[in-house]
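What follows is calculated from the coordinates using simple rules that are stated; it is not laboratory data. Please read all numbers here as calculations on a predicted model, not as lab measurements. Cβ coordinates were reconstructed from backbone atoms using ideal geometry, including for glycine residues, and neighbour counts include every protein chain displayed.
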Amino acid sequence: MKFRLFSVVLALLIAGCGDSKPKRHYDAKALLHSKCESCHNLDMPPKTYPDEKAPPMMAVTFHVRDFMKVDNPSEKRRKFIEFVVDYALNPSEEKSFCDKKSLEDYGLMPSQKGEVTPEELEAIAGYMYDHYDPEKFMKLMQEQARLAALPAWQRVTEQKNCLGCHGLKEDKIAPAFARIAKRYGEAGKEALMKSIRNGSRGKWEGFKLAMPPFKDLDDDDLSAVAAWILEQGR
Ligand code: HEC
Ligand code: HEC
């Protein structure tokens, strides 16, 4: 077993060597954030603000991808990168795919010459093309719609993987929800909400692990999930 694992690792290493290009490796995502986020919102789906300085990057990417003319679809990624590298260094009204109204609203993008190198831009543009992908976006929206349609307790337990540590009736690496319900009873809902938000340690004998805090859950979600845990005691 050990030997097999070793050969797999070795094979990967050798393959890795054969592939390696003399080109420098860039962390394209980090570059996009450090070089472009001051003006473009980078979220997918994007957030828009009333006083935003530039269109969200997802909109930019979809837009350029749609409007750019290419004879051969396999050229699309390369052409997209070429366009973005050139545009970020030498923007102009003629090159822009933005409609006139948006150009007036936002103003022309200032050249990023001196802020970012052509090689960095190449990496950023490749990442933009792959990350802001229409199919990926559709899947993301479907997943969000699916989660939004679930009862709150189910969405929370799924997103936070509560059942990765807790069993319903049986202890796993954390006490079973049924046992927690029995100890606290209906009157304990507030206490449970507090523990879920802030985490917990040392309250349950025999469990060495600490319960991590879930600070990003709002009161409605906490209340729903605590009520659901208490139902497991019945
Ligand atoms: C100082 C603000 C600012 C920064 C920083 C900035 N942009 Fe822009 N960008 C804009 C504005 C404003 C527009 C919309 C007007 C236009 O198209 O020129 C825009 C538009 C674009 C477009 C769309 C052009 C088109 O034809 O629709 C691309 C591509 C683009 N930016 C890429 C980048 C990349 C990549 C970076 C980071 C390296 C970046 N921008 C950083 C302000 C900025
Ligand atoms: C990484 C493992 C882990 C995950 C994930 C986890 N828990 Fe826990 N949980 C624990 C452990 C361990 C304890 C026991 C802590 C202690 O002894 O105080 C615990 C305790 C609890 C308690 C009882 C706290 C108390 O005050 O007695 C509740 C309620 C609880 N978890 C709910 C949840 C919910 C809801 C989720 C998902 C949002 C969750 N847990 C996710 C490990 C986990």
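For the residue pair Lys29 and Glu231, what label-to-label distance in nm results when each label sits 7 Å from Cα along the Cα-to-beta-carbon direction?
3.6 nm
Using a Förster distance of 25 Å, how high is the FRET efficiency between Ala148 and Lys113, based on the Cβ-Cβ distance and rounded to 0.05?
Working: r = 43 Å, r/R0 = 1.74.
Taking R0 as 25 Å, the efficiency between Ala148 and Lys113 is 0.05.
How long is the gain from Lys53 to Asp130 if the chain were fully straight, where each residue apart is worth 0.36 nm and the alpha carbon distance is subtracted? Can you show the working numbers first?
Details: separation 77, 0.36 × 77 = 27.72 nm, distance 2.38 nm.
The span from Lys53 to Asp130 would gain 25.3 nm if fully extended.
Based on the Cβ-Cβ distance of Asn198 and Cys165, what FRET efficiency does E = 1/(1 + (r/R0)^6) give at R0 = 25 Å, to the nearest 0.05?
Details: r = 16 Å, r/R0 = 0.65.
The formula returns an efficiency of 0.95 here.
Principal axes first, then extents: for the Cα atoms of the chain, list largest minus smallest coordinate on each axis, whole Å, largest first.
Principal-axis extents of the chain (Cα, largest first): 70, 57, 33 Å.
Springs between alpha-carbon pairs under 10 angstrom, Gaussian network model over the chain: which of Leu150, Leu31, Leu121 fluctuates most?
Leu150
May I ask you to compute the full-extension gain from Cys39 to Val70, defined as 0.36 nm times their residue separation minus their alpha-carbon distance, rounded to one decimal in nm?
Difference between extended and current length: 8.3 nm.
Could you work out the helix-only [θ] at 222 nm for the chain, with each DSSP H run of four or more residues adding -39,500 (n - 2.57) and the total divided by the number of residues, to the nearest 500 deg cm²/dmol?
Values: 11 runs with 129 residues, N = 234.
Estimated from H runs of four or more residues: -17000 deg cm²/dmol.
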